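This report concerns only the one structure given below.
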């Protein structure tokens with residue numbers, strides 16, 4: 001897997017100061033995507049054990065509130081296979097920090113049904129997350145007033161309560177994650 005960028009002090013992709021990993025590779029190709037260069041799976045740098053260790057080191061300070069995955073798309077099968085074990089390692093090391101992920105895929109239709117990649121790997125990755133922002137970016141539904149998403153069709157899902165209740169539980173700004 002390659003990655004396009006790491007933001008070491010990101011305040012745009014989840015609450016608080018976060019470390020954000022932009023993975024390479026996306027088959028959605030949303031019209032007017034803000035990161036079209038990340039569609040290419042070969043774009044950027046290889047994601048290595050050294051990269052993982054640098055992220056873990058960057059997560060240590062108390063002022064870092066969490067970690068965000070975006071891209072590209074973390075749930076592309078090639079990416080999920082690499083990210084699932086890394087995210088399990090990260091979650092184990094930082095159980096009190098929040099973990100967010102952005103995907104162009106639909107939580108119920110694509111991820112839970114096993115239509116996107118290996119269902120076991122997808123579930124492993126989902127179980128590491130607190131919040132999933134799902135859905136393709138749709139230019140016609142773009143709304144600059146939305147928090148942490150680009151278009152009104154996208155949802156901010158609380159993953160653990162959703163998995164436990166077997167129905168989607170949405171995040172709102174009063175929810176601390």
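Among the residues of the stretch 26-51, just one is in contact with a strand residue (DSSP E or B) (Cβ under 9 Å, 6 or more places away or on another chain), exposed (fewer than 13 other Cβ atoms within 10 Å of the Cβ) and modelled with pLDDT under 95, namely 32. The residue that is modelled with the lowest pLDDT, among those in the stretch 65-89 that are out of contact with any helix residue (DSSP H, G or I) (no Cβ under 7 Å at 6 or more places or on another chain) and under 21 Å from residue 9 (Cβ atoms), is 70. Condition check: closer than 24 Å to residue 140 by Cα, surrounded by 15 or more Cβ atoms within 10 Å (Cβ to Cβ) and in contact (Cβ under 8 Å) with a residue 60 or more places away in the chain. Does residue 13 satisfy that? Judged against the criteria, residue 13 is a match. Take the residues in the stretch 52-67 that are closer than 17 Å to residue 4 by Cα and touching a strand residue (DSSP E or B) at 6+ places or on another chain (Cβ under 7 Å), then tell me which one is surrounded by the fewest Cβ atoms within 10 Å (Cβ to Cβ). Going through the qualifying residues, I end up with 55.
Elements of the type strands (runs of 3 or more DSSP E) sitting completely within the stretch 89-177 and holding at least 2 residues that are surrounded by fewer than 21 Cβ atoms within 10 Å (Cβ to Cβ) and touching a residue at least 24 places away in the same chain (Cβ under 8 Å): these cover 155-158.
The values are calculated or read from the model by the stated rules, or taken from the named source; none is laboratory data. These numbers come from a predicted model, not from an experiment. Positions of Cβ are generated from backbone atoms using ideal geometry, with glycine treated the same way; all protein chains shown enter the neighbour counts.
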